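Everything below concerns the one structure shown next.
The values are calculated or read from the model by the stated rules, or taken from the named source; none is laboratory data. The structure presented is a predicted model; accordingly, all values stated were derived computationally and were not measured. Quick reminder, even Gly has a Cβ in these numbers, built from the backbone with ideal geometry, and neighbours come from all protein chains shown. We work out accessible area using only protein heavy atoms, side chains counted, and drop any ligands, DNA or RNA first. Shrake-Rupley method; radii C 1.70, N 1.55, O 1.52, S 1.80 Å.
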Amino acid sequence: ARWGGAATWGVALVALVAWRVVWRRGAERFASGLLVVAVAATGAAWHHACWRLFDRDDIGRIASPQPAPICLRAVALDAPRDRAAPAWSPLRAIPQGEKTELLLRVTSVRDRDAWRRAAGRTELLVEGNLLGIHAGDTVQVFGQIRAPGEPLNPGQFDFAADARSRRQLATLRCESPDCVQVVRTGGGVSPWRWISDARVSVERTLARRLGPVRAPIAAAMLIGARQAVPRDRTEAYRRTGTLHVLVVSGLHVGLVVGVFYAGARLGWFPRRPTLLVVMLLILAYTLLVGARPPAVRAAVLAEVMCLAAITGRNILALNSLAAASIIVLALNPGELFRSGPQLSFIAAATLIAFGSWRLGRRPPSPMDRLLASARPWPERLARRVAGSAGLLLFATLVVWLTTAPLLLCRFNLLSPVAVPISLAVFPLVAISVVSGLALLATEVLAPPLAGPFASLCGGSIDLLEAVVTRANATPWGSVWTIGPSAWWTTGAYVLMGGALLAGRTPRTAMRLAQAGAGWLAIGFGAATLNNPPPEGLRCSFIAVGHGCAVLVETPGGGTLLYDAGSLGSPGAATETIAGVLWSKGLRRIDALVLSHADVDHFNAAPGLLERFRVGAVYTSSTMFGTPTDGVGEPIQGRPSRRWSAPEELRQVIQRAGVPHAVLRRGDRLRIADVTVDVLHPLEGDVGSSDNSRSLVLSIEHRGRRLLLPGDLEAPGMDDLMLRPPHDCDVLLAPHHGSARSDPPGFAAWSTPEWVVISGGASDAYSASAGRSYAASGANVLRTTQAGMIAFEFSERRIEPTAFLTGELSRPRPAIPAGNR
């Protein structure tokens, strides 16, 4: 790693010297290529340093995947940011309240009674509202430290890499604001403190003037404070392709620049000094919104425009965009590998190409202009509005087409509805931003005048919310599907970039654009067809934390998903399971079997029903029972929380139009060429708990057997084990390894070769269960330690693999299939 960084710096230096020599000799094209190489090598060396080189006392070096208590002191780099509580949902097992985020620079950590030096940046998450802290204050934190989570499944988001790109190797968590104390307030002159306090003042003004519902949307549009927007609203904007509205991007900076520039063109003050003031205001606004890459990119383009106006020179748009990318790379090279900045630069390059095409069109003839001027003014106005609307629609369509490959690759999402609603979204955002800026200005200069601007801003936000809500409910407004791989997507954008650079030779540009489209089509087909069914039965235990999701793939191309849920967020569980399915090229689930009515086994099902074609949903007869209060009496008024989650699922199944069937002992499913037997529960079983009525499936293929018992426990387990022993090769440990699932007795009854415990790696009862199964001769694996665990069944052997560790060894040979 050390030599790799030195080598890239060396390449950059040699290329820069060669550029100087070649440029002096007049070989401009060759010199330009050398300059590009020098810049690229410098960027690579800088990225290497930011990604790999950390202080030896960095706090992240003592962080592990498991939380550990810690006491440290750090300097607040910003004011605390409130994170909105997720909307209440019956599918969320553990309700969550408001939280506070705080970015810290660590200075020391307590080691028993002494303090020792420490370094590094970290994000602190506090349960509740953290008040009284400003940027520059030194705080003492009592909390838990852990390393950001690495992906445990294919297709899962890499939180560790995302945090590392921001030079954060650890995260902190506190259960209460009382665990954070101010040790010393920040003193002296600090521009960063002024900016942080100004951002807090803006949020308070918006909250006071617009109310708690509108203010988060306004704060997101004006200063990029999106963390206060509830997750369900953010998700609505994401699905409708309008998430950029909640990010300070080129649109927002362009509106701000337009307001400043319009004021400069009134002629009240000298032109050049006014433009210099505008440049300073643009810089101040960029710092106010946190200097995020989309804002930096737009600000650089605006600053170049102002410089061109001052010096009287022409603007080279692509050169300005390249300068913006270099500045973003210098601030943090990891940002160029994140989806948000990539989408921002792709959209900007597309609009530059679109603008060049518009400017290159033949202007109307004098006769056409004369005829146009002779029309009545209402007709002229209507034609102008229609022309502007058509231009906006076409530009939005072009940007949507060029950003679609990246959206498909990273998020598996297409939002066709984003194109038509742009006619309403663009003017509403423009009105919201301009009136919001006017509101903030008049609040300082003339508070009595702020009322009308607050009403205008609030009304436009209400209309924007209505448009997004309606678009989100539109059938086929958003489509979830498989996307091309990262390599195919990168190749397509390289060809598109070549087409953009070859704009002066239209034939070459058209050929490159066509090659890019063809490359993408092949990549999309490869993603769909390059995942043939397994030769034998394949079973994947997806790592969803404390929960359960088991994917079974048959040689005939059939898919069965047994349970789909987690004790945490339903959205996170949905994205984890969907990522695994998409990584395997699957777009259909033939059978979704839900073992019982605990949310950690089915709360991802509604999201999966939205994203995938599901053949049928299978449950036990008591999954959707009569709402009761736990003692057998129906609840009058609203349903109890115990049954509200299954009722929510029932409604989602009905809206999706997916067939639903009840399974009981003796039933048999046919998934392509594989038979699935139902071992439990009995018909009419009304045991004392949902766990005891869990659906137990036995899947057999070529003499190998898989047993899936859900959360089975007594008395249902006692009833099952009254039957003859059911020898199996792979067993899902009942109830995550709970002692109530009788691990010793169930191990003797099922005699498994491999046992998988889904979640519960840190719990004492799962460790005890692991010892019980190991004592019976089984090999025990945990999804929280190994990640997703997959088994390939064949007549000769069983091949287990773990996502984190790869192929697993087998301590003892498998029992031949013929000896069962």
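The table below gives the values:
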| item | result |
| --- | --- |
| Given (1) at pLDDT 85 or above; (2) over 29 Å from the mean Cα position of the chain (by Cα); (3) polar (S, T, N, Q); (4) within 30 Å of GLY579 (Cβ to Cβ), number of the condition THR784 does not satisfy | (2) |
| Failed item, numbered, when LEU206 is tested on (1) touching a helix residue (DSSP H, G or I) at 6+ places or on another chain (Cβ under 7 Å); (2) surrounded by fewer than 19 Cβ atoms within 10 Å (Cβ to Cβ); (3) of a type outside the set (S, T, N, Q); (4) at pLDDT 85 or above | (2) |
| Subset of the stretch 33-72 [open to solvent by 30 Å² or more (accessible area, probe 1.4 Å), among the β-branched types (Val, Ile, Thr) and touching a residue at least 12 places away in the same chain (Cβ under 8 Å)] | VAL37, VAL39, THR42, ILE62 |
| GLY737 closer than 17 Å to THR784 by Cβ and buried (at least 24 other Cβ atoms within 10 Å of the Cβ) | yes |
| Wholly enclosed strands (runs of 3 or more DSSP E) of the stretch 110-187 bearing at least 1 residues crowded, with 19+ Cβ neighbours inside 10 Å, in contact with a Cys (Cβ under 8 Å, 6 or more places away or on another chain) and not charged (D, E, K, R) | 121-127, 138-146, 180-184 |
| Subset tally (residues that are without any contact (Cβ under 8 Å) to a residue 40 or more places away in the chain and open to solvent by 10 Å² or more (accessible area, probe 1.4 Å)) for the stretch 268-295 | 16 |
| Any hit, the stretch 219-231, residues being on the phi < 0 side of the Ramachandran plot and out of contact with any helix residue (DSSP H, G or I) (no Cβ under 8 Å at 6 or more places or on another chain) | yes |
| Failed item, numbered, when GLY523 is tested on (1) modelled with pLDDT under 80; (2) closer than 21 Å to LEU408 by Cβ; (3) surrounded by fewer than 22 Cβ atoms within 10 Å (Cβ to Cβ) | (3) |
| Of all residues making up the stretch 766-788, the number that are surrounded by fewer than 16 Cβ atoms within 10 Å (Cβ to Cβ) and among the aromatic types (Phe, Trp, Tyr) | 0 |
| Residue check for LEU393: touching a residue at least 60 places away in the same chain (Cβ under 8 Å) and either over 28 Å from the mean Cα position of the chain (by Cα) or surrounded by 12 or more Cβ atoms within 10 Å (Cβ to Cβ) (or both) | no |
| Flag for VAL300 being more than 23 Å from SER190 (Cα to Cα), buried (at least 17 other Cβ atoms within 10 Å of the Cβ) and out of contact with any Asp or Glu (no Cβ under 8 Å at 6 or more places or on another chain) | yes |
| Residue match in the stretch 85-99 (condition: of a type outside the set (Phe, Trp, Tyr), in contact with a Lys or Arg (Cβ under 8 Å, 6 or more places away or on another chain), in contact (Cβ under 8 Å) with a residue 40 or more places away in the chain and in a strand (DSSP E or B)) | no |
| Tally, over the stretch 665-678, of residues that are surrounded by fewer than 16 Cβ atoms within 10 Å (Cβ to Cβ) and touching an Asp or Glu at 6+ places or on another chain (Cβ under 6 Å) | 1 |
